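Remarks on the structure that follows.
The values are calculated or read from the model by the stated rules, or taken from the named source; none is laboratory data. This structure is a prediction, so every number in the text was calculated from the model and none was measured. For neighbour counting, all protein chains shown are included, and Cβ atoms are generated from backbone atoms with ideal geometry for every residue, glycine included.
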Amino acid sequence: MKIDLEKRVMEADGKIVKEGEWISVDGTTGKVFIGKIPTVEARIEEQTDLLTVLGWADDIAARKDIRTLPDGRKAPGVQVWANSDYPKDAQRARSYGAKGIGLCRTEHMFFETERLPIVQKMILADSSAERTKQLNLLLPTQRKDFDGLFEAMNGYPVIIRLIDPPLHEFMPDEEKLFEEVVSMRVKGETKGLKEKEDLLAAIKGLHESNPMMGLRGVRLSIQMPEIVEMQVRAIFEAAADCTLRGIVVHPEVMIPLTGTVKELEWIQPRLERIAAAVMSEKKVQFTYKFGTMIEIPRAAVTAGEIAKLAQFFSFGTNDLTQMTFGYSRDDAERNFLVTYVAEGILPKNPFQTLDREGVGKLMQMAINDGRKTRPDLEVGICGEHGGDPESIEWCHMIGNNYVSCSHFRVPIARLAAAHYALKYAGKKLAEDK
């Protein structure tokens, strides 16, 4: 394949495809076709033989004598959950055999066309009162989203991650907006110019040198607690409404990007107060958990402290891999990772298969230290590695309760979980040395 970046065309097998034209890819064979080919949704429900085999796999992984944890407790194999952001995704995940939702990324709901302008006004608010006013407009739609998730996963746990990305991701593109402002000034257009200039100034004010390591996750929650307070109220109001309709809910609230237990000490109690208040208002009770995402190396090595507040850990291995290696994933995969793997410097792409000697060791340390503080600590993984069989093996070896992956990868993950349950049946998991 030859790609001409200036002409924006590519050539392969004597055929030329221009930028913007359709191509279709057969994900099974890898063949590429020119044009847009009609597709149908794959339905696992129709694959009766496959469903039978996957049922056997689930039975094996669920056996209570599969693993002996370092403290001597018997434990079943690894469950398979799914990453789902919307009710329709959760319904599909359940049809694929997922036993829970391991990651719901709430910020994806903010990008909906009718919600984004409200989110932008909330970001630009110059007072807590104005910010809360805009968030109150989002509350009903967030509540509806969570209601649908709980209904789809009736009886299964649903882990909902509070807002994680930096705020600039919700704003218009700075470069394009700058070009619009310059164009309007040159043409002498004044209508709407002041608003665009103010917006551009606000976006410039949000600029960070390294936004993925800047104001996001729990840091944003501490800086603007009104956002996560609204989200937690929406989660628990939805859970309460579902409970009153006879739906069994198990909400688990995940606070992302924790690096020190002090962050949880600051934000978690005020969120727990909201949860208690909602259940009191609705006159209903249900079980729930507050936990955190382990994606910073410092969190892994101080897991014993963090487990004093966090009732569950979910490893965000995409970011944990980036921060452990010091690689920017996008840059590394575009520039040097192919060479590193080809030359044997790395055995595999660490963003596709877990690096056991580095990232994996941090995970193992975090699990063992966390369970010394909280023996019943629930542990999962929700990064991309959750659907990779080799990575699932490591999760089995170090004592994960579950892996969470894209719903399309759930069947493969279920088979892998059973394979490793058989491979390690009766063996004691290795303790951290």
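Tabulated data
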quantity: Helices (runs of 4 or more DSSP H) wholly inside segment 163-260 that include at least 2 residues being free of Cβ contacts under 8 Å to residues at least 24 places away in the same chain and surrounded by fewer than 18 Cβ atoms within 10 Å (Cβ to Cβ); calculated: 174-187, 193-205
quantity: Extreme residue, farthest from the chain's Cα centre (by Cα), among residues of segment 303-312 that are in a loop (DSSP other than H, G, I, E, B) and surrounded by fewer than 18 Cβ atoms within 10 Å (Cβ to Cβ); calculated: 308
quantity: Yes/no for residue 98 being assigned to a loop (DSSP other than H, G, I, E, B), closer than 19 Å to residue 155 by Cβ and not polar (S, T, N, Q); calculated: yes
quantity: Candidates 48, 28, filtered to the one that is loosely packed, with under 10 Cβ neighbours inside 10 Å, within 24 Å of residue 418 (Cβ to Cβ) and assigned by TED's automatic domain parsing to the domain that holds residue 410; calculated: 48
quantity: Test for residue 384: is it in contact (Cβ under 8 Å) with a residue 60 or more places away in the chain, more than 17 Å from residue 73 (Cβ to Cβ) and of a type in the set (Asp, Glu); calculated: yes
quantity: Some residue of segment 127-142 being within 24 Å of the chain's Cα centre (by Cα), surrounded by fewer than 15 Cβ atoms within 10 Å (Cβ to Cβ) and not in a helix (DSSP H, G or I); calculated: no
quantity: Test: residue 73 is in contact with a Pro (Cβ under 9 Å, 6 or more places away or on another chain) and surrounded by fewer than 18 Cβ atoms within 10 Å (Cβ to Cβ); calculated: yes
quantity: Number of the exception - residue 146 against (1) in contact (Cβ under 8 Å) with a residue 24 or more places away in the chain; (2) at positive phi; calculated: (2)
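One line per residue, one yes/no per condition, for (1) hydroxyl-bearing (Ser, Thr, Tyr); (2) over 29 Å from residue 156 (Cα atoms); (3) surrounded by 18 or more Cβ atoms within 10 Å (Cβ to Cβ); (4) over 18 Å from the mean Cα position of the chain (by Cα):
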| site | (1), (2), (3), (4) |
| --- | --- |
| 264 | no, no, yes, yes |
| 278 | no, no, yes, yes |
| 283 | no, no, no, yes |
| 296 | no, no, yes, no |
| 314 | yes, no, yes, no |
| 317 | yes, no, yes, no |
| 331 | no, yes, no, yes |
| 336 | no, yes, no, yes |
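Every residue, every condition in (1) basic (Lys, Arg); (2) over 16 Å from residue 160 (Cβ atoms), yes or no:
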position: 223; (1), (2): no, yes
position: 231; (1), (2): no, no
position: 238; (1), (2): no, no
position: 257; (1), (2): no, no
position: 262; (1), (2): yes, yes
position: 267; (1), (2): no, no
position: 274; (1), (2): no, no
position: 279; (1), (2): no, yes
position: 293; (1), (2): no, no
